[in-house]
1. Shape call for segment 57-114 from the C-alpha gyration tensor, a ≥ b ≥ c root eigenvalues: rounded (a/c under 1.5), prolate (a/b greater than b/c) or oblate?
2. Evaluate the distance, in nm, between pseudo-label points positioned 7 Å from the Cα of Q90 and of D62 along their respective Cα→Cβ axes.
3. For the ranges 94-103, 75-84, what's the packing order if you count other beta-carbon atoms within 10 Å of each residue, average per peptide, and put the highest first?
4. Could you check the spin-label model distance between I100 and S112? Points 7 Å from the Cα along Cα→Cβ, value in nm.
5. For K88, which aspartates and glutamates qualify as cross-link partners when the Cα separation must be under 18 Å and same-chain residues fewer than eight apart are set aside?
Amino acid sequence: MKRAIVIAFFCCIIPVSAVQQTPGMGAQAANSQAGMASAAENAQIRQMAATHGDDAQALRDDIKKMRALVRQMESNLAFVDTTQSPLKHQFQLDIDMWKIVIDHLERRVQGSAR
């Protein structure tokens, strides 16, 4: 994310500095183009921030759905044979794996919110 902002910043600054060094261009035109580049840069930063917020909310929604599905898996597991069979053990391993993945995603969302 930081790299993208830095790259966008340099992509906007380099053309602006080249335009300002062009001989024969009036100061007013150079200032106008610098203002346009700055406005474009600010718009791009706002768009990136909005996209990041949308992605974070989508991830939170996905986590809620995943938690609901894991709860369904656990309730279905209760109806599987009471003896410890390889199939029941595999279901339990799948549930445990999904819980780990969901916990990881939640830590990631919390870390990006800071």
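1. Note, shape of segment 57-114 comes out prolate.
2. 2.6
3. 94-103, 75-84
4. Placing both labels 7 Å beyond Cα along the Cβ direction yields 2.2 nm.
5. Reachable aspartates and glutamates: E74, D96.
Coordinate-derived values only; no laboratory data. Values in this document were obtained by computation on a predicted structure and should not be read as measured data. Glycine gets a Cβ as well: all are built from the backbone with ideal geometry, and neighbour counts include every protein chain shown.
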